[in-house]
Amino acid sequence: MIGHLNRTSPCSYPTELDRPTQRLPPQRPSPHNPKAEADQTTMAPPPANLPPSFTFTMDETVASLTEFTVPAQTWLSQHAPRLQQRHISLAGLAVSTFVFNPAGHVLLLQRASHDSMPDRWEPPGGAVDNQDASVLHAAARELWEESGLMVTRFRGLVDHGQEFHVFYNRNRTRCICRFAFLVDVDLCDVVRLDPQEHQAFAWATEHHVRSQTLDGHRFPITTPDMRALILESFHLRRALDGT
């Protein structure tokens with residue numbers, strides 16, 4: 001199922017590592033799924049303001065989550081020796097979140113037609129800001145800003161074998177490290193999009209991600225590395241659920 005954006009909705013404007021200085025008006029999305037219809041997930045206008053705080057728990061048995069309970073600058077300082085050994089100079093951190101609905105489908109968002117990597121699909125996520133209390137708080141904030149969903153629990157770090165998932169901004173002037181988390185949310189019945197960033201959402205199966213097709217239409221993921229991370233999120237969820 002693909003849900004399209006309500007263009008009359010107000011929106012919030014999350015901070016990004018590589019946000020353009022000029023905002024272009026949203027353009028009409030291409031008809032990737034002309035037969036799309038409502039299901040259990042509907043769209044609604046995003047909230048005008050963020051909640052005053054984010055309250056969530058984490059699986060304390062997962063040691064890999066503990067290092068992300070600190071702000072970005074603290075994390076960078078703590079890991080400076082390891083980064084230097086690998087000749088990595090980071091300008092900042094980014095986060096992604098993987099949300100699954102009760103049917104076992106993962107939430108993916110389609111990038112806006114006027115943005116970089118137009119019409120491609122990705123999980124909710126974005127930059128870790130200096131104001132974020134921790135890397136985990138940044139992930140919760142970005143999920144709220146981009147989808148209106150609230151994290152209740154961090155279950156695990158999604159990693160497909162790389163210690164640092166490093167990528168560059170569009171001008172290749174800034175090196176950024178991404179961390180991705182499997183999370184639980186309070187409700188996933190309503191998805192809210194920021195029209196400056198995303199124009200549609202989908203609850204995708206593992207087959208949709210592998211084939212990059214959905215309902216007979218192209219379903220391109222942003223990058224091969226992101227596709228691998230999404231597939232790993234399915235594996236991690238099965239492992240944690242014992243299925």
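The values are calculated or read from the model by the stated rules, or taken from the named source; none is laboratory data. Since this is a predicted model, take the numbers as computed values, not measurements. Note that each Cβ is placed from the backbone with ideal geometry, even for glycine, and that neighbours are counted across all protein chains shown.
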> Is there a residue in segment 220-233 that is under 24 Å from HIS79 (Cα atoms) and either surrounded by fewer than 17 Cβ atoms within 10 Å (Cβ to Cβ) or of a type in the set (Ser, Thr, Tyr) (or both)?
Replying inline: yes
>> So ALA133 passes all but one of these: (1) among the hydrophobic types (A, V, I, L, M, F, W, C); (2) farther than 30 Å from HIS207 by Cβ; (3) touching a helix residue (DSSP H, G or I) at 6+ places or on another chain (Cβ under 9 Å). Which condition number does it fail?
In response: (3)
>> Looking only at residues that are part of a helix (DSSP H, G or I) and of a type in the set (A, V, I, L, M, F, W, C) in segment 140-161, which one is nearest to GLU60 (Cα to Cα)?
In response: ALA140
>> Return the residues of segment 209-236 that are without any contact (Cβ under 8 Å) to a residue 24 or more places away in the chain and either farther than 16 Å from SER96 by Cα or among the hydrophobic types (A, V, I, L, M, F, W, C) (or both); say none if nothing qualifies.
In response: ARG210, SER211, GLN212, THR213, GLY216, HIS235
> Only one of these conditions is not met by ASP194: (1) assigned to a loop (DSSP other than H, G, I, E, B); (2) over 16 Å from GLN110 (Cα atoms); (3) in contact with an Asp or Glu (Cβ under 9 Å, 6 or more places away or on another chain). Which number is it?
Replying inline: (2)
> Among (1) assigned to a helix (DSSP H, G or I); (2) under 24 Å from SER211 (Cβ atoms), which single condition is ARG82 missing?
Replying inline: (2)
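Of all residues in segment 172-226, which are basic (Lys, Arg) and under 17 Å from the mean Cα position of the chain (by Cα)?
Step one: list which residues in segment 172-226 are basic (Lys, Arg), which gives 172, 174, 178, 192, 210, 218.
Hits for segment 172-226 are ARG178, ARG192.
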>> Against the condition touching a helix residue (DSSP H, G or I) at 6+ places or on another chain (Cβ under 6 Å), more than 22 Å from PHE54 (Cα to Cα) and part of a loop (DSSP other than H, G, I, E, B), how does HIS114 come out, does it pass?
In response: no
> Which one of THR97, THR173, THR152 is farther than 21 Å from LEU229 by Cβ, among the hydroxyl-bearing types (Ser, Thr, Tyr) and at pLDDT 95 or above?
Replying inline: THR152
>> Based on this model, can you work out whether HIS87 counts as within 23 Å of ASP225 (Cα to Cα), part of a loop (DSSP other than H, G, I, E, B) and modelled with pLDDT under 90?
In response: yes
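When you check VAL166 against the structure, is it surrounded by 15 or more Cβ atoms within 10 Å (Cβ to Cβ), over 23 Å from VAL185 (Cβ atoms) and β-branched (Val, Ile, Thr), yes or no?
Yes.
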>> Looking only at residues that are modelled with pLDDT of 95 or more, more than 30 Å from PHE164 (Cβ to Cβ) and not small (Gly, Ala, Ser) in segment 193-216, which one is surrounded by the fewest Cβ atoms within 10 Å (Cβ to Cβ)?
In response: THR213
> Inside segment 167-179, can you point out the residues that are over 26 Å from ARG238 (Cα atoms) and not in a loop (DSSP other than H, G, I, E, B)?
Replying inline: PHE167, TYR168, CYS175, ILE176
> Taking SER64, is it out of contact with any Phe, Trp or Tyr (no Cβ under 6 Å at 6 or more places or on another chain), modelled with pLDDT under 90 and farther than 24 Å from TRP144 by Cα?
Replying inline: no
> Quick check: is even one residue across segment 23-44 farther than 16 Å from VAL128 by Cα, at pLDDT 50 or above, surrounded by 11 or more Cβ atoms within 10 Å (Cβ to Cβ) and not β-branched (Val, Ile, Thr)?
Replying inline: yes
